[in-house]
Amino acid sequence: MTKHIHSTVTLNNGVEMPWLGLGVYKADGGNEVEEAVKEALKIGYRSIDTAAFYYNEQGVGEAIRQSGVPREEIFVTTKVWNDDQGYEETLKAFEESRQKLGLDVIDLYLVHWPVKGKYKETWRAMEKLYKEGKVRAIGVSNFNIHHLEDLLRDANVVPVVNQVEYHPLLTQEELHDYCKKHNIQLEAWSPLTRGRMFGAPVLVELGNKYGKSEAQIILRWDLQNEVVTIPKSVTPARIKENANIFDFALSDEDIEKLNACNENKRFGPDPDEFV
Ligand code: NDP
């Protein structure tokens, strides 16, 4: 598994998605996001995770065009924001995202949050976009098991991905098992807990043992747990550091040690309360 930076997982519709991507939440829409994306593409990242809500799709598209990397080699994810959910609204929001990115086809379009009473209509619009070939794959984000069960009752297309908060303090084992059973790839947001877990003795210990940073230990743990990961950084040295995770492997025992850190601790909103 996961041998190098270009390694991909085959999603349930046959589309290949890189295991590692660059997250760009909170990267400023202008120069900051452009520089980060160009740097990442130069290093070898081939997946970028943005969203309408991040207000930086334009910069992401610009960086892709300037990078010199062929478009078809890059996997671009964006998401429909909560205020734009519903059938017609989603179709309109998609068109806006597509224009801002300046891309004909989006690789992965996600429902950002399961907005009550709306996400099924949103999903119908996503299915239309998929059938029309405007997106190569469609998925969800922040869906708990009951949201997925509800969606799957009426869906014609099974989401390829569920992107959720995931790190050693929130391992979401039941959700992960459910996703595996339904061939939905789990993807980790805030994999690094935005630094809040750094300094934990287990990370320091494993960092010393493998000669890797705490961030690299967590990101490698994601890969070995078969979770797609999208660490965010706008700092060139960190963008590089976060990609330097393909030359070592954590032992099964150390994977278990990190799994055992779980406290069901969320730093972001709980999907059952947020929307
Ligand atoms: P991360 O866990 O990826 O942490 C990012 C923070 O950690 C930044 O402040 C960054 O700083 C810093 N950092 C990055 N690498 C290192 C490193 N090697 N050493 C020390 N510090 C480091 O948090 P995010 O919340 O950004 O999650 C990642 C991505 O997931 C987002 O960017 C977004 O694309 C997605 N996301 C999706 C959500 C959803 O609802 N679907 C919700 C939240 C995130 P700096 O940039 O200054 O280098």
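None of the figures in this text is laboratory data; all of them are computed from the coordinates on show. Predicted model, so just to flag it, every value in this text is computed and none were measured. Note that we place each Cβ from the backbone using ideal geometry, even for glycine, and neighbour counts take in every protein chain shown.
Mean projection of the Cα convex hull over all viewing directions, computed for the chain: 13.1 nm². The packing ranking, built from the mean of other Cβ atoms within 10 Å per residue, places the peptides 21-29, 142-150, 105-113 in the order 105-113, 21-29, 142-150, highest first. Coupling constants for the stretch 18-26 follow from the phi torsions by the Karplus curve (6.51 cos²θ - 1.76 cosθ + 1.60, θ = phi - 60°), and in residue order they are x, 5, 10, x, 9, x, 10, 5, 6 Hz; glycine and proline get x. Database remark: amide H of residue 22 closer than 5 angstrom to the amide H of 47, 48, 49 (H placed geometrically; neighbours at sequence offset of 5 or more, or on other chains; Pro and chain starts carry no H). For the chain, a Gaussian network of Cα nodes joined below 10 Å ranks 186, 258, 20 by mean-square fluctuation, and the top entry is 258. Around the amide H of residue 86, modelled in the peptide plane, lie the amide H atoms of 122, all under 5 Å away and 5 or more residues distant in sequence or on another chain. Take every DSSP beta bridge whose two residues both sit in the chain; close to 15 percent of them are antiparallel. Applying the Karplus relation 6.51 cos²θ - 1.76 cosθ + 1.60 with θ = phi - 60° to the stretch 49-56 yields 3J(HN,Hα) values of 10, 10, 6, 4, 5, 7, 6, 9 Hz, where x marks Gly and Pro. Peptide packing: for 115-126, 216-227, the average count of neighbouring Cβ atoms within 10 Å per residue gives the ranking 216-227, 115-126, highest mean first.
What's the FRET efficiency of residue 66 with residue 99 using the Cβ-Cβ distance as r and R₀ = 25 Å, to the nearest 0.05?
The computed FRET efficiency comes out at 0.90.
Computed from point charges on the beta carbon alone (+1 for Lys and Arg, -1 for Asp and Glu), the dipole magnitude for the stretch 182-229 about its Cα centre is near 160 Debye. Entry note, the chain: relative contact order of 19 percent, from Cα contacts under 8 Å with a spacing of 6+ residues.
The sum of -39500 (n - 2.57) across all DSSP H runs of n ≥ 4, divided by the residue count of the chain, sets its helix-only mean residue ellipticity at 222 nm to -12000 deg cm²/dmol. Considering only Cα-Cα distances, which of the following residue pairs are longer than 21 Å: 212/232; 92/118; 79/212; 3/265? In this structure, 79/212; 3/265 exceed 21 Å between Cα atoms. When Rg and the Kirkwood radius Rh are both evaluated on Cα atoms of the stretch 125-204, their ratio Rg/Rh stands at 1.08. 3J(HN,Hα) couplings calculated from phi for the stretch 162-168 with the Karplus curve 6.51 cos²θ - 1.76 cosθ + 1.60 (θ = phi - 60°) are, in sequence order, 10, 9, 9, 5, 7, 6, x Hz; Gly and Pro show x.
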